[in-house]
Amino acid sequence: MTEQEGRRAAVFSQIEDFHDWLADEERSHAFDVRPVPLEDLTGWSFHPDTGVIGHHTGRFFTISGLLVDTDQGPVRSWSQPIIVQPETGILGILVKRFGGVPHFLLQAKMEPGNIRPVQLSPTVQATRSNYTRVHGGRPVPYLEYFQTPRRGRVVADVLQQEQGSWFLHKRNRNIIVEVDEEVPVLPGFCWLTGEQIGELILIDNLVNMDTRTVLAGYPPAPGPEDPEVRDASDVAALSWFTEARAGRRLDRGLIPLNEVKDWVRADGRISHRLDRYFSVMGVSVEIDNREVSRWSQPMVAPRERGVIAFLARRPPASDDLELLVRAHTQAGTFDVVEMAPTVQCAPGNHDPDRRPPFLDHVLSAPPERILLDVVHSEEGGRLYHAENRYLIVEVDADFPDDVGEDFRWMDARRLARFGRHCDHVELEARSLLACLRFLDPFPRQGAHR
């Protein structure tokens, strides 16, 4: 097949053609992931003094203990296991225009933690250990487009943090590069339009977390805008955000994993004594189309599906969608506070008298007020079967005006602008912004359920 024929074969005029292509990808590759005791992981071991789980190379990541002390939230001090991966990965998406329409090069990728084995991943999704080939495997395809000297025009390039509840100071470089030249389309990759992504992002567990966070940074087409009004409103919102950052205390320190309070090692895994939050488990993996086809590793497995939601409203005489944004602190964040969804929790982790604010508003919303409702998986390389129900719920006229100092109504476009800057907007909020970015883009009540 010539390069031109290969390119045409990976562009779909009908979304049904994509689904046929994806089904072929799923049938064409072997995927086997089996839970195993942590003690049986090949190449991994517990440190004899600290209990920290690490790889014999000293690379990839470790599972350590973290001691947290803060002045926010119902629980002010705790310790927990946490993933420590002090290296910056690359999440990159290539963009090319066919007939003037931007197309995004995505790959059908299997990850060991995926519920649905094959999901749509960025063009490049690789940790530094992977793309420097510490594992001795095959090179990462298309990496040359995202390293200097690169070919093409950089559309977006920002360091973004992963989930602070499971990762300590873990960042990836989110980068989008637009090219004019012909790009050879390798097996397992395809071009998709923004409109097609808008359809696919409404399907449970299909568009992976890394794709969502990168696409959240894709800027909208240029349009008329009053910079003075924008700047004044942005300054007010950023002042609220800066005050939250300056006024909160978050002290953290790594501790031996075997000194983490209320967590126990038994039956080949590490779990909380109340069977809440998550477990640290081991998996043995065989995937025939990865840079390395066989390995084992520890993973973090959440205890239940989470709920991540924005409450939304439309100001009088306006079609703009406003989102109720929360100034949120997580154990592993870089800078104490990031802008987060209104609700972000696993309900079963909370006692009835300590339910997160507005959770009941989300869970009791009537269908006609739900603008978005889809289940998405989280990072499948480190998290096992981690998924969240993502919602946008429009409030009614009786919703209280006083939302508290931790919350602020914010125009969705403004939040999207902030999301294109480092450490401003949490990953969970960026996932919801990606859904909005490739939908209507800001749907009317009841449009997407």
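The values are calculated or read from the model by the stated rules, or taken from the named source; none is laboratory data. In this text the structure is predicted, and so the values were computed from the model without any measurement. Quick reminder, even Gly has a Cβ in these numbers, built from the backbone with ideal geometry, and neighbours come from all protein chains shown. For accessibility, only protein heavy atoms count, side chains too; no ligands or nucleic acids. Shrake-Rupley method; radii C 1.70, N 1.55, O 1.52, S 1.80 Å.
Condition first: under 21 Å from ARG290 (Cβ atoms) and open to solvent by less than 60 Å² (accessible area, probe 1.4 Å). Now tell me which residues in region 185-197 satisfy that. Passing the criteria: VAL185, GLY188, PHE189, CYS190.
Do you know which of the residues in region 120-144 that are open to solvent by 60 Å² or more (accessible area, probe 1.4 Å) and assigned to a loop (DSSP other than H, G, I, E, B) is modelled with the lowest pLDDT? Spell out the reasoning first.
Filtering region 120-144 down to residues open to solvent by 60 Å² or more (accessible area, probe 1.4 Å) leaves 128, 132-133, 136, 138-139, 144.
Then drop every residue that is not assigned to a loop (DSSP other than H, G, I, E, B), which leaves 132-133, 136, 138-139.
Numbers: THR132: 66, ARG133: 58, GLY136: 55, ARG138: 76, PRO139: 85.
So the residue we want is GLY136.
Kindly indicate whether ARG294 is without any contact (Cβ under 8 Å) to a residue 24 or more places away in the chain and either surrounded by 18 or more Cβ atoms within 10 Å (Cβ to Cβ) or over 22 Å from LEU372 (Cα atoms) (or both). Yes; evaluated as a whole, the condition is true for this residue.
Looking across region 34-59, not a single residue is at pLDDT below 95 and open to solvent by less than 40 Å² (accessible area, probe 1.4 Å).
The single condition from (1) closer than 21 Å to PHE167 by Cα; (2) free of Cβ contacts under 8 Å to residues at least 12 places away in the same chain; (3) of a type in the set (Gly, Ala, Ser) that ALA331 fails is (2).
No other residue among LEU372, LEU363, LEU436 is among the aliphatic types (A, V, I, L, M), open to solvent by 30 Å² or more (accessible area, probe 1.4 Å) and more than 20 Å from THR329 (Cα to Cα) apart from LEU363.
Out of the residues in region 416-425 meeting the condition of being hydrophobic (A, V, I, L, M, F, W, C) and either assigned to a strand (DSSP E or B) or within 20 Å of ALA246 (Cα to Cα) (or both), tell me which one is farthest from the chain's Cα centre (by Cα). The extreme case among them is PHE418. Here LEU22 does not qualify as closer than 18 Å to LEU383 by Cα, modelled with pLDDT of 95 or more and buried (at least 16 other Cβ atoms within 10 Å of the Cβ). Of the listed requirements (1) in contact with a strand residue (DSSP E or B) (Cβ under 7 Å, 6 or more places away or on another chain); (2) open to solvent by less than 70 Å² (accessible area, probe 1.4 Å); (3) farther than 23 Å from PRO141 by Cα; (4) among the hydrophobic types (A, V, I, L, M, F, W, C), VAL95 misses just one: (3).
Considering only region 288-303, I want to know if a residue exists there that is out of contact with any Gly (no Cβ under 9 Å at 6 or more places or on another chain), assigned to a strand (DSSP E or B) and small (Gly, Ala, Ser). Checked against the condition, which is being out of contact with any Gly (no Cβ under 9 Å at 6 or more places or on another chain), assigned to a strand (DSSP E or B) and small (Gly, Ala, Ser), region 288-303 yields no hits at all.
Here the condition is being out of contact with any His (no Cβ under 7 Å at 6 or more places or on another chain) and without any contact (Cβ under 8 Å) to a residue 24 or more places away in the chain; of ASP373, ASP406, ASP411, ASP398, it holds for ASP398 alone.
Condition check ((1) closer than 30 Å to GLN297 by Cβ; (2) touching an Asp or Glu at 6+ places or on another chain (Cβ under 8 Å)) across all residues:
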| residue | (1), (2) |
| --- | --- |
| VAL343 | no, no |
| PRO366 | no, no |
| LEU372 | no, no |
| ASN388 | yes, yes |
| LEU391 | no, yes |
| PRO400 | no, no |
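Against the list (1) free of Cβ contacts under 8 Å to residues at least 12 places away in the same chain; (2) closer than 29 Å to ALA327 by Cα, the condition GLY54 fails is (2).
The strands (runs of 3 or more DSSP E) found entirely in region 313-410 that carry 2 or more residues being out of contact with any Gly (no Cβ under 9 Å at 6 or more places or on another chain), at pLDDT 95 or above and among the hydrophobic types (A, V, I, L, M, F, W, C) are 322-328, 370-377, 387-394.
The residues of region 383-442 that are touching a helix residue (DSSP H, G or I) at 6+ places or on another chain (Cβ under 8 Å), closer than 30 Å to VAL84 by Cα and not aliphatic (A, V, I, L, M), listed by number, are ASN388, TYR390, ASP406, ARG417, PHE418, GLY419, HIS424, ARG430, SER431, CYS435.
Condition check ((1) part of a strand (DSSP E or B); (2) more than 17 Å from the chain's Cα centre (by Cα)) across all residues:
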{"position": "TRP78", "(1), (2)": "yes, yes"}
{"position": "ILE93", "(1), (2)": "yes, no"}
{"position": "ARG97", "(1), (2)": "yes, yes"}
{"position": "HIS103", "(1), (2)": "yes, yes"}
{"position": "GLY113", "(1), (2)": "no, no"}
